[in-house]
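Contents: one structure, followed by commentary.
Derivation of every value follows stated rules applied to the coordinates shown; laboratory data play no part. Given the structure is predicted, the values throughout are model-derived calculations rather than measurements. Quick reminder, even Gly has a Cβ in these numbers, built from the backbone with ideal geometry, and neighbours come from all protein chains shown.
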Amino acid sequence: MNLQANHGSMKYNACDIEMSGMRTLKLQSGINLTCSRTPVLPGEGCAFYCRELMRLFACSLLLFACCVLICPPSMAVQSTHHMMTLDRYYYKNCQGVECCFEIFPEPAAYFFPNDEAAWLWFNWKGARPGDSFSMVTFSPGGALYDHLSSDSLITRKDGCLLLSFSINGSAPEHMPGDWLIKVSVGGDHLFSQRFTILSGKRDAYIVDKTMTLNPHAGSGCAIPPSNHIFYEFDEVAYFWFYFSAAGIGDDVRVDWYAPGGSLYLTQSLSYTDENGCLYPGIAIGGHEAARLPGAWRVTVYYDSGRYCNEYFTVVDSTADEPIPCPLSLIYGNDSPQVQTLRNFRDTVLRRTPEGRELIRLYYQWGPFAARAIAANDQVREEAEQLADAVLLMMAGRSE
């Protein structure tokens, strides 16, 4: 069928394509294309234009097929980082969604039979809370070792997970070689992670450490609350550390250095487990350390000369104020009001655990309060009213 366009006195011949049931086409310009079986442009090969049109159509169809059959569909869930690690306390230093994409654990590719576990860490973006999670582990040689699946691990759109893979005391302890983990979220493959378990034994190493007031705060060997400022009324400053791959019975030496670098105390310990925690400490309250304020250092020597350091500060609150006193900005440093409050601190608060905790909070937040009082008159007036009320209450108590 020929398509013939009439526009004024001119005629335009279109392609000789059979268009079933179609006789007239109306273009957007208003030009009518009337179907005709009679060629109107002698010498022009209408079949040539038809072939070109069919060729374009075929190319378009081929491109579409390539996209459908060859190009992989884009995944809704993606992981920007994934790794094996020995950092079992990663979440101690990282809290909140932003940490999953800004702070990463230390990667490790090789593990030993005496390692307690290898840890798989990864993050994701674009998940739906409740998406299915699957982790399939293959042992050396490609055999299926384990399959973990859960619908409760993916709880938010963007996040990260730290999952343990037990080695010491489990079958992998006796299965050295190259391992493979495949992780899927929402039914889509997210990533594959490889790692190696070597033969032999890893030397002892310290996994994590901190200074603390209470090494028994958590169950087992959970890391306790960190504290790096101690006062002359604190009973003990503890150095808590978690060790792994230790030799039972091996010696550990702990040296405590006073401000100025002089050796204050040496302690000797022994490992009683391959993996566990120790928390040596020095007595402060009522001992010489309380009279040695300043920057201290503790050094642990282990595994034939290896060592690690930790630093902390001892403050003598009975000496000159270690921080700007907020109330001295209101009443004056040598005023009767300030002397009354200091006497209350030393004779009342210092005698109870609750009172000592209030003193600790005061030294922790005092500098911020002092800056606010110095910078804002309204804050100064409100702080003065509060201090006057406390002093009035203390005066009534003494009567």
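Points to keep in mind about this one:
- Between Leu392 and Ala375, full extension at 0.36 nm per residue minus the direct alpha carbon distance yields a gain of 3.5 nm.
- Less than 5 angstrom separates the built amide H of Leu190 from those of Val183, Ser184, Val185, all sequence-distant by 5 or more or on a different chain.
- Cα-based shape type of the range 217-277, given that a ≥ b ≥ c are square roots of the gyration tensor eigenvalues and the cut on a/c is 1.5: oblate
- Theoretical FRET efficiency, 1/(1+(r/R0)^6), r = Cβ-Cβ of Asp334 and Ala295, R0 30 Å, to 0.05: 0.55
- Between the beta carbons of Glu288 and Arg342, assuming R0 = 25 Å, the FRET efficiency works out to 0.55 to the nearest 0.05.
- Shown is the FRET efficiency for Ser192 and Ser262, computed with R0 = 41 Å from the Cβ-Cβ distance and rounded to the nearest 0.05: 0.15.
- Chain lengthening between Ser150 and Glu382 when straightened (0.36 nm per residue, less Cα-Cα): 78.1 nm
- Simple spin-label estimate for His216 and Asp178 in nanometres, 7 Å along Cα-Cβ: 5.0 nm
- Order of Leu341, Leu144 - criterion: other Cβ atoms within 10 Å of each residue's Cβ, fewest first: Leu144, Leu341
- Simple spin-label estimate for Tyr311 and Tyr205 gives 2.4 nm between the two label positions (7 Å along the Cα-to-Cβ direction from each Cα).
- Charge-dipole axis of the range 180-251 as Lys and Arg at +1 and Asp and Glu at -1 on Cβ define it, positive-most pick from Phe191, Thr210, Tyr238: Phe191
- Formal net charge of residues neighbouring Gly220 (Cβ-Cβ distance under 13 Å; K, R +1; D, E -1): -1
- Global geometry of the range 79-221, whether rounded, prolate or oblate, following the gyration tensor of its Cα atoms and the 1.5 cut on a/c: oblate
- When each of the peptides 171-177, 346-352, 225-231 is scored by the mean number of other C-beta atoms lying within 10 Å of its residues, the order from highest to lowest reads 225-231, 171-177, 346-352.
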